[in-house]
Amino acid sequence: MARADGPEMLSVSVASSPGEGLADECSIDLPGGATLIDALRASSVLERHPGIDLARQAVGIWGRVCALDTPLKQGDRVEIYRPLQVDPKEARRRRQRLQQDATCSPRR
């Protein structure tokens, strides 16, 4: 529903983790009908982190990969995803092996 004094505005947040242990999140207001790419541009996240490559990295809303032209809704969280460094299944196997090695002690 549009306000009487102007077009509807959307409040959304833009989040990225440009590197391990780093987080960048900001809240922005956009006009109704704004898209995911509009939010990325308005947030300046691409300027703050020039290593982000939208041609190679996935983007989405609330954990779901979406196209750059996806329309936004009030309260959406736009996210930029980094490529996985390790396959999650392999990481789980490594943790299990480490845990088993730590709990096993030689018998005397």
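The table below gives the values:
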item: Options Gly75, Pro18, Leu36, ranked by Cα towards positive dipole end of the chain, top entry (Cβ charges); result: Pro18
item: Rg over Rh [alpha-carbon atoms, Kirkwood Rh] for the chain; result: 1.23
item: Gaussian network model of the chain, springs between alpha carbon atoms under 10 Å - residue of Arg77, Arg94, Arg64 with greatest fluctuation; result: Arg94
item: Under the Karplus curve 6.51 cos²θ - 1.76 cosθ + 1.60, θ = phi - 60°, whole-Hz ³J(HN,Hα) for segment 20-29, x wherever Gly or Pro sits; result: 4, x, 10, 9, 9, 9, 9, 9, 9, 10
item: Label point distance in nm, His49-Gln74, each placed 7 Å from Cα along Cα→Cβ; result: 2.8
item: Contact order normalised by residue count of the chain, Cα under 8 Å, 6+ apart, percent; result: 27
item: Segment 67-94 versus segment 27-50: alpha-carbon centroid distance in Å; result: 17
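Every read-out reported here was derived from the displayed coordinates using simple, explicitly stated rules and does not represent laboratory data. Only a predicted model underlies this, so the values are computations on that prediction, with no experimental measurement involved. As a convention, Cβ positions derive from the backbone with ideal geometry for all residues, glycine included, and neighbour counts pool all protein chains shown.
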